[in-house]
There are 2 protein chains.
Amino acid sequence: MINNNIYFQIELTARKIRRYGQNVLNSHGIDITIEQWLVLNVINENEYTNQIYVGEKLVKDKPTISRMVNHLEKKELIVKTTSAIDSRKVELSLSKKGKDLITNLYPIIENIRLTGLSKLSKNENESIETILKKIRENLGD
Amino acid sequence: MINNNIYFQIELTARKIRRYGQNVLNSHGIDITIEQWLVLNVINENEYTNQIYVGEKLVKDKPTISRMVNHLEKKELIVKTTSAIDSRKVELSLSKKGKDLITNLYPIIENIRLTGLSKLSKNENESIETILKKIRENLGD
DNA sequence: TTAAAATAGTTGTCTAGCTAACTATTTTAA
DNA sequence: TTAAAATAGTTAGCTAGACAACTATTTTAA
């Protein structure tokens with residue numbers, strides 16, 4: 001039966017998390033997706049980074065990052081400039097609006113995280129990481 | 001850091017699984033997506049079921065199922081007829097082509113599953129299920 | 001020095017997930 | 001009996017993931 005399949009449950013849990021997180025953001029009137037938050041966070045931690053770097057951090061491909069960055073730019077949350085040193089590259093930074101948003105977001109995101117992980121023992125917390133990593137490695141890292 | 005986040009790892013693992021599985025299907029020249037396989041499988045196990053049922057099994061919403069069913073119909077893998085008893089409902093069944101495909105698919109899918117789960121102890125196998133379920137329940141099942 | 005290879009990013013095309021709004025039946029309850 | 005509510009499915013509009021093919025720079029190696 002499909003529902004007993006671990007793959008199915010991983011995928012299901014991933015969707016559940018995304019949906020839950022998105023609902024929390026929406027309920028706060030925050031007009032970005034969970035995925036866009038991840039991009040904002042990488043840029044916040046690495047000012048003037050480029051799209052390749054963001055993609056490596058989030059393990060997403062170039063077209064996906066390209067489009068997400070455009071969305072964030074359209075929302076005026078980030079600023080995108082061409083690098084003076086290497087004009088193939090783009091330099092990404094947060095706008096004032098983006099910085100303010102991120103400041104507001106951190107506690108909300110932390111809350112989402114804690115909600116999902118409550119009732120998990122320290123041991124469970126550690127072992128799920130190990131197990132997921134093993135699965136990924138089995139599939140060719 | 002994002003990459004230590006369990007949510008991120010769950011989502012990453014889900015993507016990894018989907019991509020790996022898709023590549024295996026492609027390498028066998030099988031022209032369906034992993035998600036479409038799940039739908040075929042539900043129909044195979046429940047002949048003349050309807051879209052609501054498929055959606056419940058796979059925890060996907062009506063529009064998603066509607067479109068996937070249309071894709072599978074276009075590929076002539078399933079047959080879709082209106083129920084004589086309740087004309088709101090559709091009756092889904094596998095075509096000959098669909099049945100043949102599923103027969104070929106089962107060992108391939110099983111292989112994908114075993115590849116990812118190799119090196120996992122029985123204990124790890126059980127505990128990941130428990131943990132994922134806890135997370136889903138924490139997020140309001 | 002210059003042609004080939006590598007790198008950064010974009011565009012196009014497809015599928016899937018999600019929400020909202022819709023049509024068309026069937027069920028229910030006054 | 002009939003009007004309201006529930007149910008099944010579709011359509012539209014958006015974002016994201018994946019792949020392929022593309023442009024434009026920069027690096028490299030002959």
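In summary, the lysines within cross-link reach of B:Lys16, defined as a Cα separation below 25 angstrom excluding same-chain residues under 8 places away, comprise A:Lys16, A:Lys57, A:Lys60, A:Lys62, A:Lys133, A:Lys134, B:Lys57, B:Lys60, B:Lys119, B:Lys122, B:Lys133, B:Lys134. With the dipole of segment B:31-111 worked out from charges on the C-beta (+1 for Lys and Arg, -1 for Asp and Glu) around the Cα centre, which of B:Ile109, B:Ser66, B:Ser93 lies farthest toward the positive end? Result: B:Ser66. In chain A, the DSSP-assigned H stretches of four residues or longer account for a calculated mean residue ellipticity at 222 nm of -22000 deg cm²/dmol, using -39500 (n - 2.57) per stretch and the full residue count as denominator.
Equivalent-ellipsoid semi-axes (√(5λ), Cα gyration tensor) for chain A, whole Å, largest first? Kindly include the intermediate steps, with their values, before the conclusion.
On the way: eigenvalues 183, 80, 37 Å².
Semi-axis lengths for chain A are 30, 20, 14 Å.
Among the GluC sites (Glu not before Pro) within segment A:1-89, which fall in a DSSP loop and have no more than 13 other Cβ atoms within 10 Å of their own Cβ?
A:Glu47, A:Glu76
Once C-alpha pairs closer than 8 Å and six or more residues apart are averaged by separation and normalised to the residue number of chain B, the relative contact order reads 19 percent. In the protein assembly as shown, the portion of solvent-accessible area held by carbon and sulfur atoms comes to 51 percent [1.4 Å probe, whole percent, DNA, RNA and ligands not counted].
Between A:Ser27 and B:Thr130, what's the calculated FRET efficiency when r is the beta-carbon distance and R0 is 22 Å? Round to 0.05. Calculated value: 0.15. Buried area at the A:B interface is about 5300 square angstrom, summed over both chains, from accessible surfaces computed with a 1.4 angstrom probe. About its Cα centre, the dipole of chain B is roughly 300 debye, where the only charges are +1 on Lys and Arg Cβ and -1 on Asp and Glu Cβ. What residues from segment B:62-81 fall in the zone where the backbone N is under 15 Å from a label point 7 Å along the Cα-to-C-beta line of A:Arg19? Flagged as within label range: B:62-66.
Counting only alpha carbon atoms, the long axis of helix A:122-138 and the longest principal axis of chain A meet at about 80°. In straight-distance terms, cross-link reach from A:Lys97 covers every one of the lysines whose alpha-carbon lies under 20 Å from its own, apart from those fewer than eight places away in the same chain; here that gives A:Lys74, A:Lys75, A:Lys80.
With its label point put 7 Å out from Cα toward Cβ, B:Ser95 sits 5.0 nm from the same residue's point in the other copies, in order from shortest. What residues of segment B:56-74 lie in the reach of a label at B:Lys97, counting those whose backbone N is under 14 Å from a point 7 Å from the Cα along Cα→Cβ? In segment B:56-74, the label zone of B:Lys97 (backbone N under 14 Å from the point 7 Å along Cα→Cβ) covers B:70-74.
For a modelled paramagnetic label at B:Glu47, 7 Å from Cα along Cα-to-Cβ, the residues of segment B:87-104 in reach, with backbone nitrogen under 18 Å, are B:90-104. Under conditions of 4 °C and 1.567 mPa s, the protein assembly as shown yields 62 µm² s⁻¹ as its translational diffusion coefficient, taking Rh as the Kirkwood radius over Cα pairs in the Stokes-Einstein equation. For chain B, the solvent-accessible area works out to 53 Å² per residue, with a probe of 1.4 Å and every protein chain left in place. Put a plus charge on the Cβ of each Lys and Arg, a minus charge on the Cβ of each Asp and Glu, and nothing anywhere else: the dipole of segment B:31-111 about its Cα centre is then about 260 debye. Comparing segment B:31-111 with the 2.2 N^0.38 Å rule of thumb, its C-alpha radius of gyration ratio is 1.03 (two decimals). The distance from the alpha carbon centre of segment B:117-141 to that of segment A:48-62 is 30 Å, rounded to a whole number. Using 0.36 nm per residue and subtracting the Cα-Cα separation, the extra length available between A:Asn104 and A:Ser121 on full extension is 3.3 nm.
The values are calculated or read from the model by the stated rules, or taken from the named source; none is laboratory data. Predicted, not measured: the structure shown is a model, and the values here were computed from it. Quick reminder, even Gly has a Cβ in these numbers, built from the backbone with ideal geometry, and neighbours come from all protein chains shown. Ligands, DNA and RNA are excluded from the accessible area calculation, which covers all protein heavy atoms including side chains. Shrake-Rupley method; radii C 1.70, N 1.55, O 1.52, S 1.80 Å.
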